[in-house]
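The values are calculated or read from the model by the stated rules, or taken from the named source; none is laboratory data. None of these values were measured; they are calculated from a predicted model. Cβ sites come from the backbone with ideal geometry, for glycine too, and all protein chains shown count toward neighbours. Heads up: the accessible areas ignore ligands, DNA and RNA and are worked out on the full protein's heavy atoms, side chains in. Shrake-Rupley method; radii C 1.70, N 1.55, O 1.52, S 1.80 Å.
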Amino acid sequence: QQQVKQSPQSLIVQKGGISIINCAYENTAFDYFPWYQQFPGKGPALLIAIRPDVSEKKEGRFTISFNKSAKQFSLHIMDSQPGDSATYFCAASKDGGFKTIFGAGTRLFVKA
Amino acid sequence: GAVVSQHPSWVICKSGTSVKIECRSLDFQATTMFWYRQFPKQSLMLMATSNEGSKATYEQGVEKDKFLINHASLTLSTLTVTSAHPEDSSFYICSARSGHGEGAFFGQGTRLTVV
């Protein structure tokens, strides 16, 4: 019930394309769903986050889509750029950020 | 976003020695901080929750006597890896929340290598 399942494990996208990463959760007590971006040797950086009462949130080129009934959420990166090449983690937590549980991660490579 | 600073960014120590890692919230007070461990190309695994002024809460399978956590103030938590062994070599990352309902912000991580 504490797991967050993330797919795909790796993703290669052409520059300018759309990158899509999917996550699913079981625990309906989760109320906060962030996405983190991590570059090698660095800590994760909060990218964008959403709460269950919202179905979509957009910040610049990054969009989270949230399906509460299916217990799924996804990250869309529009106009993907080589600088977006990193590992992306979806996550979930209760109480808005307490004890964050991470997905397995997706290694994104954007080809120039 | 809020800033969490972690120090050192990397450390090499001899087997059997202890290493202390600091995690500071620079522009906010954090009653709760979290310590994670990350192996190469893997996800972050929560080790423990650090509570200011009280004992840390460890996740199942984490040795509390090996990974000592102290949260002495609202801006500082420390993780001490005691009697380190090569299998303790890993990337350790702390995080903190700046407030209720806010996301967790992460430090830059500490690469520990035990030789």
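Structure values in brief
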read-out: Subset of segment B:76-115 [of a type in the set (A, V, I, L, M, F, W, C) and either free of Cβ contacts under 8 Å to residues at least 24 places away in the same chain or open to solvent by 30 Å² or more (accessible area, probe 1.4 Å) (or both)]; value: B:Leu76, B:Phe105, B:Val115
read-out: 3 or more residues of a type in the set (D, E, K, R) and surrounded by fewer than 14 Cβ atoms within 10 Å (Cβ to Cβ): qualifying strands (runs of 3 or more DSSP E) within segment A:34-110; value: A:56-59
read-out: Hits in segment B:34-63 - residues which are surrounded by fewer than 14 Cβ atoms within 10 Å (Cβ to Cβ) and hydrophobic (A, V, I, L, M, F, W, C); value: B:Phe39
read-out: Of all residues in segment B:64-75 being surrounded by 10 or more Cβ atoms within 10 Å (Cβ to Cβ) and part of a loop (DSSP other than H, G, I, E, B), the one that is modelled with the highest pLDDT; value: B:Lys66
read-out: Condition broken by B:Phe28, with the remaining ones in (1) touching a residue at least 24 places away in the same chain (Cβ under 8 Å); (2) open to solvent by 20 Å² or more (accessible area, probe 1.4 Å); (3) assigned to a loop (DSSP other than H, G, I, E, B); (4) away from chain A (no Cβ under 14 Å) satisfied; value: (4)
read-out: Failed criterion for B:Thr17 (all others in (1) within 24 Å of A:Lys94 (Cα to Cα); (2) in contact (Cβ under 8 Å) with a residue 40 or more places away in the chain; (3) not in a strand (DSSP E or B) hold); value: (1)
